[in-house]
């Protein structure tokens, strides 16, 4: 009887030990944390376009650039048209042969390209300055998609603004020339159409140029300085450069070559309107390619 009782106690003890061991094991076993989904890039290109449109639309600088560029180009077209029209009567036959009414009314593109290039730079440098670029890249880790959306939205703003600026400058400038009894163009003229639409395309390229520079430099001040240097200072001093260097810069420097699109007089020593425009476009494509590489590889 005592032997059976002993065996029963042993079985009870073993059962208790197993129960305690199981409870201890369950206590020691780490709790499973809720499954965390792997980060996925759910923001489509359409979402990126919508976000970039909101950004550029709500930037105060966008409105300032558009209104300032329009006012400057219209005012300069009126001033140039009146001045050139007055001087035309006293020109020699050689000067009259090279008189370019299209360039007279669209000369404001020289500063319009700086303004729209600045807008292109601000699209990216403003985010770096405010550090909102970190949130942008956290929401959309696909950096190429972010920069492509910025470029598309920028062109969507710069192209119509460029066409509007060119059209307004042309109309005002030609009206001033007509009032001074100087040669002028009609809106339906082929040169006029090329100057207006080509001017819009060129200014859109200038905006993309600014975006590429701003992406690489990441500083608004440095971007503006670069734009002035590349688009104005080199162009102003190109004729003073010696020999073959000056000839090459005058003919192939992208802003100079691209600017031929808004001229009516064909200088045999310079590229034609569309070949010059393609030089500018090729330069912008190269810079944007470099900007995509830098933007993808460099930390925010």
Using alpha-carbon coordinates, inclination of helix 190-217 to the longest axis of the chain, degrees: 40
So for the pair residue 60, residue 249, with labels modelled 7 Å out along Cα→Cβ, what separation do we get in nm? 3.8
Relative to the longest principal axis of the C-alpha atoms of the chain, give the angle of the C-alpha long axis of helix 273-297, reported between 0 and 90° and rounded to the nearest 10°. 20
Quick note, the range 88-210: a/c under 1.5 would make it rounded; otherwise a/b > b/c is prolate and the rest oblate (a ≥ b ≥ c, C-alpha gyration tensor); here it is prolate
Can you give me the Cα centroid spacing of the range 176-237 and the range 240-300 in angstrom? 12
Classified through the alpha carbon gyration tensor (a ≥ b ≥ c as square roots of its eigenvalues; rounded if a/c is under 1.5, else prolate when a/b is larger than b/c, else oblate), the range 35-148 comes out prolate
Length gained, residue 178-residue 78, 0.36 nm per residue minus C-alpha separation, equals 34.9 nm
Over the chain, what is the relative contact order in whole percent, taking alpha-carbon pairs under 8 Å and six or more residues apart? 22
Quick check on packing: order 101-113, 259-271, 83-95 by the mean number of other C-beta atoms within 10 Å, highest mean leading. 101-113, 259-271, 83-95
Which entry in [x] 38, 23, 17; [y] 39, 39, 17; [z] 69, 19, 14 matches semi-axes √(5λ) of the Cα gyration tensor in Å derived from the coordinates of this structure? [z]
Could you state the angle between the C-alpha long axis of helix 243-252 and the longest principal axis of the C-alpha atoms of the chain, as a value from 0 to 90 degrees rounded to the nearest 10? 70
Given a Förster distance of 41 Å, the FRET efficiency implied by the Cβ-Cβ spacing of residue 94 and residue 278, rounded to the nearest 0.05, works out to 0.85
Quick calc, residue 132 & residue 241: beta-carbon distance into FRET formula, R0 41 Å, rounding 0.05, result 0.45
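Bear in mind these aren't lab numbers, they're just calculated from the coordinates by the rules spelled out. The structure presented is a predicted model; accordingly, all values stated were derived computationally and were not measured. Glycine gets a Cβ as well: all are built from the backbone with ideal geometry, and neighbour counts include every protein chain shown.
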